[in-house]
1. What FRET efficiency do you get for F513 and M120 if R0 is 25 Å and r is their Cβ-Cβ distance, rounded to the nearest 0.05?
2. Go through the range 451-490 and name the trypsin sites (Lys or Arg not before Pro) that are in a DSSP coil and have 16 or fewer other Cβ atoms within 10 Å of their Cβ.
3. Could you run the Debye sum over the Cα atoms of the range 60-173, one equal point scatterer each and no solvent, and tell me log10 of I(q)/I(0) at q = 0.13, 0.14, 0.23 Å⁻¹, two decimals?
4. Find the Cα radius of gyration of the range 107-184, compare it with 2.2 N^0.38 Å by division, and give the number to two decimals.
5. For the range 415-513, what is the Kirkwood estimate of the hydrodynamic radius, computed as the reciprocal of the mean inverse distance between distinct Cα atoms, to one decimal in Å?
6. For the range 149-199, what percent of Cα pairs sit more than 15 Å apart?
7. In Å², and per residue, what accessible area does the range 145-212 have when probed at 1.4 Å with the other protein chains present?
8. Mean projection of the alpha-carbon convex hull of the range 139-271 over all orientations, in nm²?
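The values are calculated or read from the model by the stated rules, or taken from the named source; none is laboratory data. Keep in mind the model is a prediction, meaning the values are calculated, not measured. A quick note on method: Cβ atoms are made from the backbone with ideal geometry, for glycine too, and the neighbour counts reach across all protein chains shown. These accessible areas exclude ligands, DNA and RNA; they are computed on the full protein's heavy atoms, side chains included. Shrake-Rupley method; radii C 1.70, N 1.55, O 1.52, S 1.80 Å.
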Amino acid sequence: MSIKQKIENLEIRRADLAKGGGVKAVEKQHAGGKLTARERIEKLLDRGSFHEYDMFIRHETREFGMDDKTMPADGVVTGTGSIDGKPVAVFAQDFTVMGGSLGLMHARKITKILDYAMDMRIPVIGINDSGGARIQEGVNALAGYGEIFYRNTMASGVIPQISVILGPCAGGAVYSPALTDFVFVVENISKMFITGPEVIKTVLGEDISQEDLGGARVHAEITGNAHIYSQTEDECFEKIKNLIRLLPANNSEKAARIDTKQPESGNIGEIVPDDASAPYDVRDIVRAITDDSYFYEIQELWAANIVVGFARMDGETVGFIANQPLVLAGVLDCDSSDKAARFIRFCDAFNIPIITLEDLPGYLPGVDQEHSGVIRHGAKMLYAYSEATVPKITVILRKAYGGGYIAMNSRHLKADFVFAWPSAEIAVMGPEGAANIIFRKEIAEAENPAEVRKQKVAEYREKFANPFVAAGKGYIDAVITPGQTREFLLHALKTAKGKTTATPQKKHGIPPF
Ligand code: HXC
């Protein structure tokens with residue numbers, strides 16, 4: 001064969017493999033509203049940047065009639081490319097090839113790309129669309145998953161890991177996404193569960209659809225397993241690109257600084273209502289502070305009583321954590337503590353300063369919360385804030401009561417700066433509850449208990465429910481006007497750039513998982 005023929009032969013072979021599982025399987029994939037693995041990669045990465053590796057991988061299974069079965073690329077497309085010029089490693093399971101099922105070589109391709117991403121210290125994006133362990137390959141398939149989980153764990157906190165669920169992801173397969181930093185799901189396409197509807201029907205006799213059991217909304221709203229929800233695959237890819245733009249490539253870098261504009265902060269002083277128990281959307285305050293009024297929210301639909309996400313301040317990425325008075329008055333509970341703690345640890349691992357906006361009446365009381373382990377879950381936040389060594393700045397907007405005051409990055413957990421607005425109320429508990437307890441006798445014995453209660457509440461509020469008692473003790477560094485917030489934050493971020501914090505030497509701590 002001449003060299004020219006050999007080159008032609010290579011091109012034919014490549015084109016053949018790129019067809020995946022063939023025309024019929026691709027048609028079925030499209031009919032289900034799904035793109036193919038290669039189409040997805042094309043949409044996600046910079047045009048023409050993708051370089052595919054291990055295309056010619058062949059499985060070596062002989063059992064169950066597998067000897068003569070060809071599986072192009074063994075059902076997973078792997079390689080490297082870029083997003084906005086930033087290198088990323090990618091794998092995308094190809095459902096058109098034996099349902100994207102994972103066998104030994106398929107797993108090896110994934111572990112190879114994870115190893116490469118770790119060696120090169122670049123983010124990795126995994127697109128999951130698979131029937132799970134390739135049944136014919138038996139224990140080799142299970143081994144493959146274990147090898148992936150191990151690498152996900154080793155890479156955690158070193159490189160950003162993004163999982164995209166664009167099809168089924170069932171059984172133990174779900175644990176790779178669960179070990180990564182951000183899980184993206186798409187309406188009607190994503191399905192995640194440990195045991196599917198058929199097993200549930202057999203074991204428990206319960207009927208449930210795949211969608212109701214583990215669809216995109218279920219994981220974005222109820223379980224919190226998903227971080228970013230989209231209506232379509234295209235929307236999902238745009239959101240992944242925006243996230244990559246905000247993140248550093250690894251834990252020894254900072255996210256790239258970009259040119260930005262001032263926010264539209266016109267009415268920042270009018271967002272918090274005069275009535276201390278009236279709700280407002282704390283995201284309006286975030287957007288009144290951040291560059292371009294931009295906010296990339298994480299887990300928007302789950303545990304919405306706390307808001308977490310990324311923004312930029314003077315062009316640099318920061319993480320925001322804010323109580324949301326619009327939902328459950330912004331209380332902390334099991335889920336919101338988990339959500340915040342995880343986000344704090346991500347920011348800390350990747351050198352992203354944390355800004356905390358505080359307005360909460362405390363932890364949610366109730367048997368349900370106590371029995372769900374609010375002590376353990378709530379402790380996660382204390383742990384995460386205390387352990388974080390990135391710059392940590394708090395602004396108390398309104399209520400900072402009880403345990404909530406401490407948990408929301410107080411001075412006592414080693415916040416670098418704590419600022420408070422004049423509307424801040426810092427106390428062991430809200431004025432109504434406090435007056436009822438400490439003046440119980442006086443109120444009960446009064447001729448007009450309602451009038452006395454009102455007086456005592458006002459007295460308590462006057463004395464404690466303001467920022468000046470805490471400021472007088474140095475727990476707050478400055479009482480500032482809403483209009484000064486951005487300027488104070490920018491200044492604090494600038495002065496904290498060279499922050500160094502010594503933490504005790506240890507192998508690792510024992511967070512209250
Ligand atoms: C081998 C598989 C497969 C698998 C799908 N296929 N899953 N082959 N091993 N796990 C094949 C099908 O036989 C079919 O081949 C092709 O892929 C497309 O699948 P369909 O069933 O036609 O697709 P669809 O109707 O869309 O259904 C998708 C599905 C279903 C719901 C995912 O395929 C399914 O239930 N698969 C099995 C799921 C499962 O039990 N996996 C094992 C989980 S246990 P042909 O040749 O007909 O086109 C597990 C343990 C991991 O993963 C533990 C890790 C620690």
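1. On the way: r = 30 Å, r/R0 = 1.22.
Calculated value: 0.25.
2. Numbers: sites: R453, K454, K456, R461, K463, K473, R486; in loops: K473.
For trypsin sites (Lys or Arg not before Pro) across the range 451-490 that sit outside H, G, I, E and B with at most 16 neighbouring Cβ atoms in 10 Å, the list reads K473.
3. -0.47, -0.54, -1.31
4. Working: Rg = 11.9 Å, N = 78, 2.2 N^0.38 = 11.5 Å.
Cα Rg divided by the expected 2.2 N^0.38 Å: 1.03.
5. Details: mean 1/r = 0.0588 Å⁻¹.
Mean inverse Cα-Cα distance, inverted, gives 17.0 Å.
6. On the way: 600 of 1275 pairs.
Distances greater than 15 Å cover 47 percent of the Cα pairs.
7. Details: 2890 Å² over 68 residues.
Spelled out: the 1.4 Å probe surface of the range 145-212, per residue, equals 43 Å².
8. Details: hull surface 48.7 nm².
Average projection, Cα convex hull of the range 139-271: 12.2 nm².
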